[in-house]
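Read through the structure below, which is laid out as structure tokens, and then see the notes.
The values are calculated or read from the model by the stated rules, or taken from the named source; none is laboratory data. Since the structure is predicted, the reported quantities are computational estimates derived from the model, not experimental observations. In this analysis, Cβ positions are derived from the backbone assuming ideal geometry, glycine residues included, and neighbour counts consider all displayed protein chains. Side chains are part of the model used for accessible areas, which takes the heavy atoms of the whole protein and leaves out ligands, DNA and RNA. Shrake-Rupley method; radii C 1.70, N 1.55, O 1.52, S 1.80 Å.
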Amino acid sequence: KSHIGFYMQEDFNWFRQPLNTRGASQLGQFSDGTFFRRIRPFWEGNAYDTVEWNIMPALEQISNNLINLDEVFVGVYGIPGIGRVRVGHLKIPQGLEGNQFSSSRVQTFQENAAYTDAFYNIFGTGICFMNSFLDDRTTYQAMVYRNDTSYTGATRNNNTGVDFGDGDYATTARMTALLLDDHEDRHLLHVGLSGTYRKAENNPATGGTT
């Protein structure tokens, strides 16, 4: 089975503001405008009830003359005891945003919350293991990856999937459980726990920590 698709998200902005806010010592001049927040063609599919893949570039973003990536992976599923293994540029299994371990297509807003951008990385290049147990009431995900937002020299790599440096690896794991499912799915209690280890880096240009 194979599916080729495309989606986009575009921002339009219109401003009206009083004259007393337009000065350099105030908010400044706000201009109307538009831009494409996301431009995402994709090719996804599975074969032989064993292999899966997803190829999705982020065409709205260019970093160091490289196109940024959304999910670009190949995986194998149905492995006894382990479940599913994916290798490539993947969503890191942490956080509550629709854009984390799901898709930006299901986000309530086009941007992530401030706490997500402050503390989480959405993407990493590595290998991820995942499975569900007890009639899908319990899940686990564990990922070992390169930190996409590290630096090559003074340049931040963003989500290009390009990263070099000894020892710059990170790990993330998450477990969830559906403790209560009663009255035809009207009473639910769903809990989860996740954690990440990654090394904070110094920005070579400023000496600050990222």
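When 126, 75, 88, 81 are screened for being loosely packed, with under 15 Cβ neighbours inside 10 Å and either among the small types (Gly, Ala, Ser) or touching a residue at least 40 places away in the same chain (Cβ under 8 Å) (or both), only 81 passes. Would you point out which residue out of 69, 96, 19 is open to solvent by 50 Å² or more (accessible area, probe 1.4 Å), over 25 Å from residue 138 (Cα atoms) and aliphatic (A, V, I, L, M)? The conditions single out 19.
When restricted to residues that are more than 25 Å from residue 103 (Cβ to Cβ) and either in contact (Cβ under 8 Å) with a residue 24 or more places away in the chain or surrounded by 10 or more Cβ atoms within 10 Å (Cβ to Cβ) (or both), segment 22-50 contains 8.
The criterion of being in contact with a strand residue (DSSP E or B) (Cβ under 7 Å, 6 or more places away or on another chain), within 27 Å of residue 198 (Cβ to Cβ) and modelled with pLDDT of 90 or more holds for residue 55. The residue that is surrounded by the fewest Cβ atoms within 10 Å (Cβ to Cβ), counting only those in segment 155-193 that are closer than 18 Å to residue 73 by Cβ and charged (D, E, K, R), is 163.
Condition first: in a loop (DSSP other than H, G, I, E, B), at pLDDT 65 or above and of a type outside the set (Asp, Glu). Now tell me which residues in segment 175-210 satisfy that. Within segment 175-210, 183, 186, 198, 199 qualify.
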